[in-house]
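Below: one structure in C-alpha cells.
The values are calculated or read from the model by the stated rules, or taken from the named source; none is laboratory data. Predicted, not measured: the structure shown is a model, and the values here were computed from it. No Cβ is skipped: glycine too gets one built from the backbone with ideal geometry, and neighbour counts run over all protein chains shown. These area figures cover heavy atoms from the full protein model, side chains too; ligands, DNA and RNA do not enter into them. Shrake-Rupley method; radii C 1.70, N 1.55, O 1.52, S 1.80 Å.
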Amino acid sequence: MTIESMILSHDESALEALTSKGLLRRAKRVLGENQGQIETVDKDKAVVNVEGCRVELDAKGPASSSCTCKAHGVCRHMLHAILLLRNQGSAVAEPGIEAEASNSVTEICSLADEEVIKFSGTDWAKAAELAASELDVSFEDEGINITVRLAELNAAVTFISGNGLKGAAYKGPKTRKRLLTTLAALAVRQREGRGIPKESVPSNAVRVVSAEFIDQAQKTIERAVSAALPSRSVLARDLFLDLAISTRCEALPRLSAELRELATQAQLASERSVDFEPESFLMNAARAYALLEALRSNAADPQLVGAVRRDYQRSDEIEVWPLGVSRWRSRTGARGLTAYVWDSGIGRWLTVSEGRSAGVDTSFDVLQAYSMPVWGAGTLNGLMGRRVRLPEPSLSADGAISAKAQSRSELLTDPLSIDELTSIPAAHKNWTSLRTDLATRMGQGIRRRPVPVPAFIVPTGFGQIGFDDMTQTYHWELFDNSGDALVLNIHADDEDTALRIWKLGKKISAIVIEARLENHVRTVRPVSIVTRHRNSTSIHNIDFDAWALERGISRAISKVKESLAQPLAVSGSTDPVDQMIADVSEELVSIVSGSTASKAEVVSRRLEACGLATMQGALNDAVAVSSTSSALRAAYLASELKVLVAHR
C-alpha cells in the first residue's frame with residue numbers, strides 16, 4: 001500500500017472507527033482554523049507539522065504512524081494530518097500512477113478460507129458457530145469501507161480498504177477482538193453469498209461436558225442475575241456474553257443461544273427499559289440454569305445440546321401434502337418462511353423452511369420465496385392442497401425436509417378433497433385431544449421445543465372476533481364438537497384478515513394453526529384457511545395470499561369494523577393458579593434483589609391449599625436460604641407450572 005492509497009482508504013468513517021466521533025470532530029475543527037504544513041511526501045511516508053507537533057504518517061496506516069505529542073495511539077494530530085492530505089490530494093498523488101482504493105467488501109470476500117482460519121487461530125470454531133447462529137448483525141457500507149455492528153455482543157468492526165483483517169478497526173471487549181473480527185468477516189462473506197466451510201462448522205457430535213464447567217457456568221448465571229435485578233448493572237450482560245462465547249459453549253449451541261438472549265434482556269435492564277420484565281428474565285435465567293443441570297447427568301442428549309445446523313439424510317419414498325405456509329421474523333432480524341406439509345404415509349408433520357440471517361443476502365424477499373420452486377414439482381404456493389410424491393427425500397432428525405429439486409419427484413393429478421383432509425389422524429375436532437397433542441409434540445420440561453408446532457383443526461362452530469387492547473391482538477373463538485372454546489390470536493396489524501375470517505364464517509372447513517410459547521404462555525394463531533371451492537379444496541395462506549373482496553359487502557365490512565373496534569370485555573375473575581404463579585415470581589425477584597419477600601407466607605399457604613406442595617417447598621427454601629441459586633430453582637418450577645396452566 002502506498003501513502004496515497006492509505007490516505008484514500010482512511011475516510012471519515014474509518015478515522016472515527018479508529019478513534020472516536022469526538023476526536024474526529026475536534027481534528028476537523030482545528031483543521032478549519034489551522035491548516036498545518038505538509039513537509040515531505042513520498043511513496044511510503046508523509047511528514048506533516050500540526051500545531052507544533054511532527055506527524056510521520058506511514059503507508060501501513062495510522063497504527064504504524066507516529067506523533068511527537070504525548071498522546072498514546074492514534075491522536076488528533078494524526079487525524080488532522082490525514083484530513084489535510086485528503087483535502088490536498090494532489091500533494092500525495094504520484095504522477096502517472098492511479099491510486100489503489102479497492103473496496104473492503106471485495107477484499108474480505110476474496111480471502112481464501114485458509115487465510116481467515118489462520119487469522120482466527122484458536123477462535124475459529126467459536127467464530128464459525130456464532131456466524132451460523134441467528135445473531136443481530138447490521139452493516140453500514142460507507143464508500144469503500146464497511147462497518148459490521150454486532151449489537152448482541154456489544155462490538156463493531158470496520159474493515160478499511162487495503163488493511164485486511166489485521167488492520168480492521170475494532171471497538172468492543174479487548175479480549176474478544178480476534179474472535180469478533182473473524183465473526184464480522186464471516187458475516188460480510190455470508191451477506192455476499194460466501195458460506196462457512198462445512199468442515200469448519202461445529203458438528204452435531206456431542207462432547208462430554210465436565211462437572212467443573214457446569215459448576216462454573218451456574219455460578220456465572222447466579223452472578224449475572226444478582227447483578228441484573230437489584231442494580232441493573234451492565235456487568236450482567238457481559239457475564240452472559242462471556243459465558244455464551246466461551247470455548248466450552250461452542251459444543252452447546254442451545255445453551256449459547258439462551259445465554260445470548262439473556263444478555264439481550266440484561267442490556268434492557270441496564271438501560272432501564274420499560275421492555276425489561278424482571279419476572280420473565282428470572283424464569284429465562286432459571287431455564288438456562290436448569291439446562292446446565294440436565295447436561296450434568298445427560299450430556300449426550302441432542303435435545304439438550306442443540307445443533308448449529310441441520311444434517312439431512314436420504315429417506316424412503318413419501319407422499320406429502322403441503323397445507324400451509326407461515327411467515328416469520330426473529331428478534332435478531334432473521335426472516336423467512338416455513339411450510340407445513342403432512343406426510344400421509346407415516347402420519348406426521350414435516351416442515352420446509354427458507355430464510356436468511358440478519359443482514360445476510362439483502363436481496364432475499366420472503367414474498368418471492370413463497371413462489372420458489374420446491375422439489376422440482378412446482379412452486380410452493382402452487383402446491384397447496386396437492387399431493388407430491390418424493391422418491392428420495394432428504395430429511396433431518398427434527399422433521400425438516402430439504403426443498404432441493406429431486407429428479408423423480410411427481411405432482412399427482414388428483415387434488416385433495418375436504419373429506420380426505422378432515423379424516424387424517426391430525427384433524428382435531430375435539431380441543432381436549434388437540435391440547436394433549438400440542439403438549440406432547442412441544443415437549444415437556446427442559447426438553448420442550450422452542451419452535452412453533454403446527455396442527456390441523458376442524459371447528460364445528462365459530463364465535464365472535466374481539467380486540468384486546470392490552471395485548472393488541474384480535475381474539476377469535478372456535479368451538480369443537482363438545483362446545484369447548486379455543487381462542488386463536490391475530491395481530492392488530494392483520495385487521496383485514498380478522499374481517500375476512502369473520503366474513504367466511506361457516507364456509508371454513510378447516511384451519512392449519514401453529515402454537516408456540518411466548519414468555520412461558522402458549523399462543524395459537526391461524527396459518528391457513530381451508531375452504532371448499534366448488535368441487536375442489538382451496539387453501540388460503542394468511543401471511544401471503546391477498547384477500548379478494550366480493551362485491552356488495554363493503555357496507556357489511558364497515559359494520560364489522562365498528563363491532564371489532566369495541567374492546568373485549570375484561571373478565572371479572574383471574575385464574576387463581578395464574579395469579580399465584582405471578583405472586584411467586586414477584587417474591588423470587590424480591591429475594592434476588594435483596595428486598596423483603598413480604599407476601600411469601602401468604603403465597604405459601606395458598607400453594608398448600610391448591611395442593612402444589614413442590615412449588616410451596618421451593619418457595620419456602622428460597623425464602624429461608626435467601627440465595628440466588630435457590631431462587632433460580634424455584635423460578636424454574638414456577639415457569640413449568642405456568643406452561644402447564646397454558647396447556648389446559
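Do you know which residues across the range 70-93 are open to solvent by 30 Å² or more (accessible area, probe 1.4 Å) and either hydrophobic (A, V, I, L, M, F, W, C) or at pLDDT 50 or above (or both)?
Filtering the range 70-93 for residues open to solvent by 30 Å² or more (accessible area, probe 1.4 Å) gives 70-74, 76, 86-91, 93.
Result: LYS70, ALA71, HIS72, GLY73, VAL74, ARG76, ARG86, ASN87, GLN88, GLY89, ALA91, ALA93.
Quick one: is CYS109 modelled with pLDDT of 90 or more, surrounded by fewer than 20 Cβ atoms within 10 Å (Cβ to Cβ) and in a loop (DSSP other than H, G, I, E, B)?
Working: modelled with pLDDT of 90 or more: yes; surrounded by fewer than 20 Cβ atoms within 10 Å (Cβ to Cβ): yes; in a loop (DSSP other than H, G, I, E, B): no.
In short, no.
Follow-up question, since we're still on this one. Against the definition (of a type outside the set (Phe, Trp, Tyr), within 14 Å of LEU135 (Cα to Cα) and surrounded by fewer than 17 Cβ atoms within 10 Å (Cβ to Cβ)), how does ARG356 come out, yes or no? Working first, answer last.
On the way: of a type outside the set (Phe, Trp, Tyr): yes; within 14 Å of LEU135 (Cα to Cα): yes; surrounded by fewer than 17 Cβ atoms within 10 Å (Cβ to Cβ): no.
Spelling it out, it is not the case that ARG356 is of a type outside the set (Phe, Trp, Tyr), within 14 Å of LEU135 (Cα to Cα) and surrounded by fewer than 17 Cβ atoms within 10 Å (Cβ to Cβ).
Does at least one position in the range 528-549 carry a residue that is open to solvent by 70 Å² or more (accessible area, probe 1.4 Å), farther than 30 Å from ILE581 by Cα and modelled with pLDDT under 65?
Step one: filter the range 528-549 for residues open to solvent by 70 Å² or more (accessible area, probe 1.4 Å), giving 532-535, 546, 548-549.
Then keep just the ones that are farther than 30 Å from ILE581 by Cα; that gives 532-535, 546, 548-549.
When the remaining residues are screened for being modelled with pLDDT under 65, the result is 548-549.
For the range 528-549, residues open to solvent by 70 Å² or more (accessible area, probe 1.4 Å), farther than 30 Å from ILE581 by Cα and modelled with pLDDT under 65: present.
Does TRP375 count as in contact (Cβ under 8 Å) with a residue 24 or more places away in the chain and at positive phi? Write out each step before concluding.
Working: in contact (Cβ under 8 Å) with a residue 24 or more places away in the chain: yes; at positive phi: yes.
For TRP375, the condition - in contact (Cβ under 8 Å) with a residue 24 or more places away in the chain and at positive phi - is met.
ASP361 passes all but one of (1) in contact (Cβ under 8 Å) with a residue 40 or more places away in the chain; (2) on the phi < 0 side of the Ramachandran plot; which number fails?
Failing condition for ASP361: (2).
From ALA63, ALA59, which residue is of a type outside the set (S, T, N, Q) and open to solvent by less than 40 Å² (accessible area, probe 1.4 Å)?
On the way: ALA63 fails: open to solvent by less than 40 Å² (accessible area, probe 1.4 Å).
After applying the criteria, what remains is ALA59.
Against the condition closer than 30 Å to LEU295 by Cβ, among the small types (Gly, Ala, Ser) and either without any contact (Cβ under 8 Å) to a residue 60 or more places away in the chain or touching a strand residue (DSSP E or B) at 6+ places or on another chain (Cβ under 8 Å) (or both), how does ALA492 come out, does it pass? Full working, then the answer.
Numbers: closer than 30 Å to LEU295 by Cβ: no; among the small types (Gly, Ala, Ser): yes; either without any contact (Cβ under 8 Å) to a residue 60 or more places away in the chain or touching a strand residue (DSSP E or B) at 6+ places or on another chain (Cβ under 8 Å) (or both): yes.
Criteria not met by ALA492.
Please determine whether any residue of the range 455-462 is open to solvent by 40 Å² or more (accessible area, probe 1.4 Å) and touching a residue at least 24 places away in the same chain (Cβ under 8 Å). Quick ask: steps written out before the conclusion?
Taking the range 455-462 as the starting set, the residues that turn out to be open to solvent by 40 Å² or more (accessible area, probe 1.4 Å) are 460, 462.
Adding the requirement that they be touching a residue at least 24 places away in the same chain (Cβ under 8 Å) leaves 460, 462.
Yes, some residue in the range 455-462 is open to solvent by 40 Å² or more (accessible area, probe 1.4 Å) and touching a residue at least 24 places away in the same chain (Cβ under 8 Å).
Examine the range 316-326 for a residue that is of a type outside the set (A, V, I, L, M) and within 30 Å of GLU258 (Cβ to Cβ), and state whether such a residue exists.
Taking the range 316-326 and keeping what is of a type outside the set (A, V, I, L, M), we get 316-317, 319, 321-322, 324, 326.
Okay, now just the ones that are also within 30 Å of GLU258 (Cβ to Cβ), so 324, 326.
Yes, the range 316-326 contains a residue that is of a type outside the set (A, V, I, L, M) and within 30 Å of GLU258 (Cβ to Cβ).
Specify the residue that is surrounded by the fewest Cβ atoms within 10 Å (Cβ to Cβ); the eligible residues are those in the range 463-487 that are within 16 Å of VAL527 (Cβ to Cβ) and either in contact with a Gly (Cβ under 9 Å, 6 or more places away or on another chain) or β-branched (Val, Ile, Thr) (or both).
Step one: of the range 463-487, the residues within 16 Å of VAL527 (Cβ to Cβ) are 473-474, 476, 478, 486-487.
If we keep only those that are either in contact with a Gly (Cβ under 9 Å, 6 or more places away or on another chain) or β-branched (Val, Ile, Thr) (or both) as well, we get 473-474, 476, 478, 487.
Values: THR473: 22, TYR474: 23, TRP476: 24, LEU478: 22, VAL487: 14.
Out of the qualifying residues, it is VAL487.
Using beta carbons and a limit of 8 Å, which pairs, at least six apart or on different chains, have the first residue in the range 158-181 and at positive phi and free of Cβ contacts under 8 Å to residues at least 40 places away in the same chain and the second one surrounded by 17 or more Cβ atoms within 10 Å (Cβ to Cβ) and of a type in the set (D, E, K, R)?
Qualifying pairs under 8 Å: none.
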